[in-house]
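Below: one structure, written as structure tokens.
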Amino acid sequence: MGLNIKQASVIYPTADGRPPVEALRTIDLEIVNDDFVVALGASGCGKSTLLSLIAGFLAPSSGEILLDGAKVRGPGADRAVVFQKHALMPWLNVLDNVAFGLKLQGVAEAPRYEIARGFIRLLGLSDFETSRVYKLSGGMQQRVGIARALTCNPKVLLMDEPLGALDALTREKAQELILNIWHTTAKSVFFITHSVEEALFMGTKLIVMSPRPGRIAHRFDLPFSRQFLGGTSARQVKASPEFIALREEVLKIIFSDEEAAA
Amino acid sequence: MTEHSYPNTQSRKKGVLFFLMKARATKPGETYGVPGQGDTLWLSVLSILGIIFVWWLFTFMGWVKPMFLPSPQAVLGKFVQVWNEGFTNTPFLEHVGISAARVFGAFLLACLIGIPLGIAMGMSPFIRGIFDPPLEFYRPIPPLAYLPLMIIWFGIGETSKVLLIFLSVLAPVALGARSGVKSAAIEQIHAAYSFGASRWQVMSHVILPSALPEILTAMRIGIGFGWTTLVAAEMVAATKGLGYMVLTASQFLQTSTVIMGIIVIAIIAYAFDMLMRWIERRIVPWKGRM
């Protein structure tokens, strides 16, 4: 049960006789229970392609993606996506943005707003229900995006560099917020990031991806998010010798990949 | 010491156009470096008064004969006279009403057809393939060029007049709506799909609202074309209307009536544009913000 990616490959055909581009090669990945899987890698390693596969925006060239045993054939509310930016509807206020998914599913206004308000509270946005989203800060807009994704009770939460556009301080706070939400809701999460530190701090499982062809080069099990949720402060977790040692190891892998590619 | 670190502030301040020469720090509430900031109301009022003054000066000094350029007072007097007595036995407001009905009727029709057509063209390569050639073919042709055709086909009645204005409004409105379809970010569209939205829902809940700012702009441009075409539409067999008034007056060299008619058309068009801008601020306040 949960999400199962089996031998999935994505190959883009190219015009005028050049060889086709292998965006992803035979990916095997399981995201089950309350796994928090973080994908890390340089640009062009296929992280976003992998997310598009899971979300159903893209069909694999070969292999398959199974959710609770059923083949994924397109986008669906059981796999909600949080985007990096530009994904909110500026003509709706915060409440209607959060309730947007429920509205599309035909949920009547009263229960729709009730559910939305619950997640607005969870994300600490209660004072901004009627605010225009384009007037909010980047961090608050992202919280609206997360609340919106949660309303439809997805089995897997897909996050495509959700904190990439935030400043460093907001970003650290948002990391902690997402971990707490994840802990409260006990969802499977697939999370893409460029930041090694963010990847190590947030995930329970880390996949480091390599480009050309995009593939999973290394896998790690991570203890740090559990330590944080167990009561250790984020700064303490990130400053621990184990954290720093693993951070250097992962950085070394990524840089050696870059050199190999260059 | 501090004076030396800002060498330009003192030396450049003397020039008459110094405000054009250098960038100055902004007041709180403004953003440094954004071009075109600031309130222009007083400058606009000054500009209009300046034009009227130069106009008056030319006529007052007798530099131009009244037949070519009547004085501002004469035009105002003509306005009062036409307002009271009408023009060619028709009350002034009836001329205004007839022209407005033609322009706004054609505009409404063009919006009712052009906006759905443009959206369909943006959404479907099939519809775009069919309607792109005829629209692009007639769009750059001046309405005066196909006016004779309109008259041959539809006669000299109201139909050909409204149709001429309609055609001049249709193209800009349809093309604006068509490009507005592309306003939605791919993330917004994907977000809707990932909630299980149907194609129809994506269109009504994402594509249409995000196209709205561009559709409103296209409507503003379109109504402008409508007023531009009005005089051409009232050239043949019209007995009422502002365009008819201007054309008839010109044949009798009543220059003051011509200028008065032009100003009345401009004022109506401008007032409507202000209304459209107000509507824009009300219903698409997010325009350009996200």
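Things to note:
- Here is what passes the span test in chain B: the DSSP H helices with alpha carbon length of 24 Å or more along the helix axis and a Kyte-Doolittle mean of 1.0 or above are B:41-60, B:92-123, B:158-180, B:208-233, B:255-283.
- Candidate cross-link partners of A:Lys103 among the aspartates and glutamates, defined by an alpha-carbon separation under 17 Å and a same-chain spacing of 8 or more, comprise A:Asp78, A:Glu114, A:Glu129.
- Within segment B:210-290, the chymotrypsin sites (Phe, Trp or Tyr not before Pro) that combine a DSSP coil assignment with at most 12 other C-beta atoms in a 10 angstrom radius are B:Phe252.
- Percentage relative contact order, chain A, counting C-alpha pairs under 8 Å, at least six apart: 25 percent
- Based on Cα atoms of segment A:130-205, Rg over Rh with Rh as the Kirkwood radius reads 0.95.
- Calculated FRET efficiency for the pair B:Thr88/B:Ala271, C-beta based, R₀ 30 Å, to 0.05: 0.75
- Working note: 222 nm ellipticity from helices only, DSSP H runs with n ≥ 4, each -39,500 (n - 2.57), summed and divided by the residues of chain B, gives -23000 deg cm²/dmol to the nearest 500.
- Computed over chain A with a Gaussian network model linking Cα atoms closer than 10 Å, the most mobile of A:Val37, A:Val133, A:Val98 is A:Val133.
- Across all directions, the average flat footprint of the convex hull enclosing the Cα atoms of segment B:71-283 is 13.9 nm².
- In a DSSP loop and with at most 13 other Cβ atoms within 10 Å, there are no trypsin sites (Lys or Arg not before Pro) in segment B:195-264.
- Shown here: chain A, whose C-alpha atoms stretch 53, 47, 35 Å along the first, second and third principal axes, sorted largest to smallest.
- Seen from B:Pro116, the other residues with C-beta closer than 14 Å to its C-beta sum to a net charge of +2, counting Lys and Arg as +1 and Asp and Glu as -1.
- Förster radius 30 Å - calculated FRET efficiency between A:Ala70 and B:Arg199 (Cβ-Cβ, nearest 0.05): 0.85
- Dimensionless Rg/Rh of the protein assembly as shown - Kirkwood Rh, Rg from C-alpha atoms: 1.12
- Taking a ≥ b ≥ c as the square roots of the eigenvalues of the alpha carbon gyration tensor, segment B:138-199 is prolate, as a/c is not under 1.5 and a/b beats b/c.
- Restriction of the chymotrypsin sites (Phe, Trp or Tyr not before Pro) in segment B:27-119 to DSSP coil positions whose beta-carbon has at most 11 other beta-carbons within 10 angstrom yields B:Tyr32, B:Trp63, B:Phe68.
- Computed over chain A with a Gaussian network model linking Cα atoms closer than 10 Å, the most mobile of A:Lys205, A:Lys252, A:Lys85 is A:Lys252.
- Each other residue within a Cβ distance under 12 Å of A:Glu197 adds +1 if Lys or Arg and -1 if Asp or Glu, for a net charge of +1.
- Once the chain from B:Ile48 to B:Glu30 is taken as fully extended at 0.36 nm per residue, the excess over their C-alpha distance is 3.8 nm.
- Helices in chain A, meaning DSSP H runs of at least 4 residues, each add -39500 (n - 2.57). Divided by all residues, the mean residue ellipticity at 222 nm is -12000 deg cm²/dmol.
- For segment A:183-233 and segment B:154-190, distance of Cα centres in Å: 51 Å
- Within straight-line reach of B:Lys182, meaning a Cα separation under 16 Å, sit the following aspartates and glutamates at least 8 residues removed in sequence or on another chain: B:Glu214.
- Within a straight-line Cα-Cα reach of under 24 Å, A:Lys71 can be paired with the following lysines, leaving aside sequence neighbours fewer than 8 residues apart in one chain: A:Lys6, A:Lys47, A:Lys155, A:Lys187, A:Lys205.
The numbers here are math on the coordinates, done by the rules we state, and not lab data. Please read these numbers as outputs of a predicted model, since none were measured by experiment. Cβ sites come from the backbone with ideal geometry, for glycine too, and all protein chains shown count toward neighbours.
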